[in-house]
1. Taking only region 92-133 into account, find how many residues are at pLDDT below 90 and among the β-branched types (Val, Ile, Thr).
2. Just to be sure, is Thr81 of a type in the set (S, T, N, Q), within 13 Å of the chain's Cα centre (by Cα), modelled with pLDDT of 95 or more and within 23 Å of Leu138 (Cβ to Cβ)?
3. Mind telling me which of the residues Ala72, Ala113, Ala66 ends up being aliphatic (A, V, I, L, M), in a strand (DSSP E or B) and either farther than 20 Å from Ala151 by Cβ or in contact (Cβ under 8 Å) with a residue 24 or more places away in the chain (or both)?
4. Name every residue in region 62-85 that is surrounded by fewer than 14 Cβ atoms within 10 Å (Cβ to Cβ) and among the β-branched types (Val, Ile, Thr), in order of residue number.
5. Do you know which residues across region 104-129 are over 17 Å from Thr81 (Cα atoms), surrounded by 15 or more Cβ atoms within 10 Å (Cβ to Cβ) and not hydrophobic (A, V, I, L, M, F, W, C)?
6. Exactly one condition in (1) touching an Asp or Glu at 6+ places or on another chain (Cβ under 9 Å); (2) polar (S, T, N, Q); (3) exposed (fewer than 10 other Cβ atoms within 10 Å of the Cβ) is not met by Ser59; state its number.
Amino acid sequence: MKKIVFLALTLLGCCACESDDLCDQTVNTPRLVVRFYDPNNLRTPFSVSNLTVYGEGSSTPLVSKATLDSLALPLRLENPTTYLLQTVVSGTITTTATLTLSYTPVQTFVSKACGIRTYYTTLSATLQNPNHSWLKGLKLRNTTVDNEKKAHLHLYH
């Protein structure tokens, strides 16, 4: 009788085990890729000097005093996301542009091991007061943010 109970418990234990799932792919939530251009030369990216980027309501910069021609910005699940882009005009004088991004987040289940991936559709972007900003305009290149291979948004300065 003891052997039957032991055998039954062993068999039950083996059947109750779950295999270890390993995520065999990279599952990243893509960021919004932004490229900077001179409005008079739309073919070649044009770097911004001393750029600092803050998420609205945050005192910790995502980018600090960098010179770059592109950047990748994370989008929140809560809609919209607003960024403050500051650049140094001269000395310690800065000017700030406000970029607001609206979109629809879409979450997809990849697997138990990999989890959930989020991408964004119906992207729209606006600049607050572009006539009084160091950023002179924008062009939305792609309304779906599902990878980081190409720029989604062009900003002109």
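1. Here the count works out to 4.
2. Yes, satisfied.
3. Only one candidate passes the filter, namely Ala72.
4. Once the filter is applied, which keeps residues that are surrounded by fewer than 14 Cβ atoms within 10 Å (Cβ to Cβ) and among the β-branched types (Val, Ile, Thr), region 62-85 yields only Thr67.
5. Arg117, the sole residue that qualifies.
6. (1)
The values are calculated or read from the model by the stated rules, or taken from the named source; none is laboratory data. None of the values given here were measured: they were computed from a predicted structure. Glycine also receives a Cβ, built like all others from the backbone with ideal geometry; neighbour counts cover every protein chain displayed.
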